[in-house]
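What follows is one structure encoded as structure tokens, with my remarks underneath.
Just so you know, all these numbers are worked out from the coordinates, no wet-lab data involved. Predicted model only: the values in this text are computed from it and were never measured. Glycine gets a Cβ as well: all are built from the backbone with ideal geometry, and neighbour counts include every protein chain shown.
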Amino acid sequence: MKQKVFLFLNLSLLLMMNACAPTVEGELNEYKDFQASMIELKSEYPKFSEAIAEAESTMASKWEEAGKVAEEEKKAEAMSAVNDEIKTSCVYYLQEIPVLINAVDAGIAKFDNKSMQPGLFRKVEKARNKALQNVRSAEDALEGSAGTMTEANALLVTHFSNLKSSKIKLSSLWSEYKRSKKKKKKKKVYQ
């Protein structure tokens, strides 16, 4: 019996690993999404257009090299590496920062008109103020400009990280708030 379970788990793991392996088709679709977003990003962020064009050119040459790989599995891995690199470029940050701004704004709004214990209230206020500061700073950065991909990356990566931290902190505090409400309800039931 133990051998069957062990065999089943090994086969399942092997199938899952193969299912997660990149495919040429999947990577090509992801790269096409990247290409399509370039036009939109250039019009939305004209002050970043040179950096976006540089990213587009750099990734296109790398993509071309990846496409020259003969073996299908190796080609998919090379294409995946290019798509992974795109996710660390200014293009990715320009796409994701507005999404994070919305998520942080929603996280802040959850606490509107909520009553809570003084200790939690202080933590929420501190996190809210920091989050608002991060949102304003990121919005200012998006209004700024960068002539090269390196400049754009340097400008945007910090804002991306700060917004992500704010989102996580607000989410954590929201969970703490919900737990405190549950405890309060239990106390009322037992009294």
**OP:** May I ask you to derive the relative contact order of the range 116-171, considering only C-alpha pairs under 8 Å and at least 6 residues apart, and to give it as an integer percent?
**Re:** 48
**OP:** Mind telling me which of E71, E40, E151 comes out most flexible in a GNM of the chain, alpha-carbon contacts under 10 Å?
**Re:** E71
Original post:
Top mean-square fluctuation among S49, S61, S89, Gaussian network model of the chain, C-alpha springs under 10 Å?
Top reply: S61
Original post:
According to a simple spin-label model (label point 7 Å from Cα along Cα-to-Cβ), what is the distance in nm between A53 and N129?
Top reply: 4.4
**OP:** Let me have the relative contact order for the range 24-116, percent, based on Cα pairs under 8 Å that are six or more residues apart.
**Re:** 31
Original post:
Residue separation times 0.36 nm, minus the C-alpha to C-alpha distance between T150 and K74: what's the value?
Top reply: 24.5 nm
Subject >> Cα gyration tensor shape for the range 20-90, rounded if a/c is under 1.5, else prolate or oblate >> reply: prolate
Original post:
Sorting M38, M59 on the 10 Å Cβ count, fewest up front, what's the list?
Top reply: M38, M59
**OP:** Would you mind calculating the gained length between S172 and L28 on full extension (0.36 nm times residue separation, minus the Cα-Cα distance), in nm to one decimal?
**Re:** 48.2 nm
**OP:** Among V135, V104, V157, rank each residue by its count of other Cβ atoms within 10 Å, from fewest to most, as a rough exposure measure.
**Re:** V157, V135, V104
**OP:** At 0.36 nm per residue, minus the direct Cα-Cα distance, what do K164 and N113 gain on full extension? Give it in nm, one decimal, please.
**Re:** 15.9 nm
**OP:** Scan (i) 39, 31, 10; (ii) 25, 22, 15; (iii) 33, 19, 16 for the value of semi-axes √(5λ) of the Cα gyration tensor in Å calculated from this model and give just the label.
**Re:** (i)
Original post:
Among I108, I97, I39, which one shows the biggest mean-square fluctuation in a GNM of the chain, springs joining Cα atoms closer than 10 Å?
Top reply: I39
Original post:
What is the calculated FRET efficiency for Q35 to R136, with r their C-beta to C-beta distance and R₀ = 25 Å, to the nearest 0.05?
Top reply: 0.20
